[in-house]
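S.K.: Mind having a look at this structure? Questions to follow.
The values are calculated or read from the model by the stated rules, or taken from the named source; none is laboratory data. Just so it is clear, the model here is predicted, and its values are computed rather than measured. In this analysis, Cβ positions are derived from the backbone assuming ideal geometry, glycine residues included, and neighbour counts consider all displayed protein chains. Note: accessible area is taken over every heavy atom of the protein model, side chains too, but ligands, DNA and RNA are not part of it. Shrake-Rupley method; radii C 1.70, N 1.55, O 1.52, S 1.80 Å.
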Amino acid sequence: MAAHPPKLLLIYTGGTIGMIKDYETNALRAFDFENIKEKIPELQLVECQLETVSFERPIDSSDMTPDLWRRIAEIIESRYAEQDGFVVLTGTDTMSYTASALSFMLEYLRKPVIFTGSQLPIGDLRTDAKENLITAIQLASAQEKDEPKIQEVALYFESRLYRANRTTKLSAEQFEAFDSPNFPHLAESGVHLTFNDPILRRLKRAEAGMELTVRKDMSSDVLILKLFPGITETTVRHALSTPGLKGVVLETFGAGNAPTAAWFLNCLREAIKAGVHIVNVTQCVSGSVLQGRYAASSELKRIGVLSGGDITTESALAKLRYLLTFDFSREEFKTHFERPLRGELTEF
Ligand code: ASP
């Protein structure tokens, strides 16, 4: 164990977890997070020194933006040296987007950054907030041989710790709201906290001496284009001619398949020629894109669509935004996109 109880910073950005019901209007409103220990007296029992910082104006996570990701990253950067770990509370609706983005923004991270939230507000009788928050704090405090057990951006929800950039929100009402369908859980909370040691992320030997580098800029010139049977040329052309467009997450069918119609392939080809990076991600909740497995994806590969493998849409969008801030050649971009940078996809 560290010589002192671990020091953790709790960052509250908004979301259901920090709301209380106004019994007159029945609406949910944010409560003052400075008083968190009054709301959850059990926090006094957790063996760590807990500090809190809150957005001045807590938001519903539907209002989350890259500027606010930058705010979270800056808070972590400014307190990184003195803290042993971070727990970030956000609304669940866009938590996988935010947590995925932070996994790219925080390069050479060696301390835990654990996202959590809840489906019911903290004051609700049946709330899931207490368990999520207390266990996230315990996981962020966990140490072994003077080192944090978790050294990556993770997401804790309903007894499971996930690699954040592998997660997706699956349910709008179950307590078990998240999953990482293409990647095992990092840890489970039962009677004991059990860690899946072989898959916990560690920096490579060559990166060992590197200091945390915070990449604050994320490109805005991206969009997600979800295919559906009957999508028209007008729709695809319109999306791909968005002014300033630099990157597209193309959500395809099954193992990365798309219409084979000439107009469709022409639209993509023209966009790629104009310098837009298009990445192929499956609409399926689990499994991987395999361009070339069916004729319906061979042509995509040939015209230069990049394969997202088993990456999630949330993570692909974050990775595109991140990579677009570098001055990469087309070939370099492809290499970086198609290999894992933060454990976000499986290398085949
Ligand atoms: N609408 C809320 C949000 O994402 C839902 C939640 O916190 O779970 O901010």
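S.K.: Plugging the Kirkwood radius over Cα pairs into Stokes-Einstein for the stretch 191-322, at a temperature of 20 °C and a viscosity of 1.002 mPa s, what D comes out in µm²/s?
M.R.: On the way: Rh = 16.5 Å.
Estimated diffusion coefficient is 130 µm²/s.
S.K.: Take every Cα-Cα pair in the chain and report what % of them are more than 24 Å apart.
M.R.: Across the chain, Cα pairs with separations above 24 Å total 56 percent.
S.K.: Continuing with the same structure: Classify the stretch 247-314: rounded, prolate or oblate, from the alpha-carbon gyration tensor (a ≥ b ≥ c, eigenvalue square roots; a/c under 1.5 rounded; otherwise prolate if a/b is larger than b/c)?
M.R.: Oblate is the answer for the stretch 247-314, as a/c is 1.5 or above yet b/c matches or exceeds a/b.
S.K.: Would you mind telling me which residue in Thr235, Thr25, Thr65 has the biggest mean-square fluctuation in a Gaussian network model of the chain, where springs connect alpha carbons within a distance under 10 angstrom?
M.R.: The residue with the greatest mean-square fluctuation here is Thr25.
S.K.: Heavy-atom accessible area of Cys267 with all protein chains present, probe 1.4 Å, nearest 10 Å²?
M.R.: 10
S.K.: Next question. Please provide three numbers in whole Å: the alpha-carbon extents of the stretch 1-94 along the principal axes, with the largest listed first.
M.R.: Here the Cα extents, ordered largest to smallest, are 48, 33, 20 Å.
S.K.: When only the heavy atoms of the protein chains count and the probe is 1.4 Å, how do Asp128, Asp32, Asp67 rank by accessible area, highest first?
M.R.: Asp67, Asp32, Asp128
S.K.: The stretch 236-306 to the stretch 149-175: how many Å between their Cα centroids?
M.R.: 29
S.K.: Just the number, please: Stokes-Einstein D of the stretch 110-224 in µm²/s, Kirkwood Rh from C-alpha pairs, 10 °C, 1.306 mPa s.
M.R.: For the chosen part, D equals 102 µm²/s.
S.K.: Using a 1.4 Å probe, what is the accessible area per residue for the chain, in Å²?
M.R.: The answer is 46 Å² per residue.
S.K.: For the chain, what's the relative contact order in percent, using C-alpha pairs closer than 8 Å and at least 6 residues apart?
M.R.: After rounding, I find 15 percent.
S.K.: Hey, another quick one. Running Debye on the stretch 277-329 with equal point scatterers at the Cα sites and no solvent, what base-10 log of I(q)/I(0) appears at q = 0.22 Å⁻¹?
M.R.: Normalising to I(0) and taking log10 leaves -0.85.
S.K.: First compute the accessible area of the chain with a 1.4 Å probe, then give the percent of it belonging to carbon and sulfur atoms.
M.R.: The value for the chain is 49 percent carbon and sulfur by accessible area.
S.K.: Based on the mean of other Cβ atoms within 10 Å per residue, sort peptides 222-233, 253-264 so the most packed one is first.
M.R.: Top to bottom by mean Cβ count within 10 Å: 253-264, 222-233.
S.K.: What whole-number distance in Å separates the alpha-carbon centres of the stretch 57-127 and the stretch 1-45?
M.R.: Each part reduced to its Cα centre gives a spacing of 14 Å.
S.K.: Taking every pair of distinct Cα atoms and averaging 1/r, then inverting, what Kirkwood hydrodynamic radius in Å comes out for the stretch 164-248?
M.R.: After inverting the pairwise mean of 1/r, the radius is 17.9 Å.
S.K.: Here's something else I'd like to know. How much accessible surface does Val285 have with a 1.4 Å probe, in Å² rounded to 10?
M.R.: Accessible surface of Val285 is approximately 90 Å².
S.K.: Using DSSP to call loops (not H, G, I, E or B), can you name the GluC sites (Glu not before Pro) in the stretch 1-93 whose Cβ has at most 13 other Cβ atoms within 10 angstrom? Show your work: numbers first, answer last.
M.R.: On the way: sites: Glu24, Glu34, Glu38, Glu42, Glu47, Glu51, Glu56, Glu74, Glu77, Glu82; in loops: Glu24, Glu47, Glu82.
In loop regions of the stretch 1-93 (DSSP not H, G, I, E or B), the sparsely surrounded GluC sites (Glu not before Pro) are Glu24, Glu47, Glu82.
S.K.: Further question on the same structure: When the C-alpha atoms of the stretch 29-178 are aligned to their principal axes, what extent does each axis show, in angstrom, from largest down?
M.R.: 38, 34, 29
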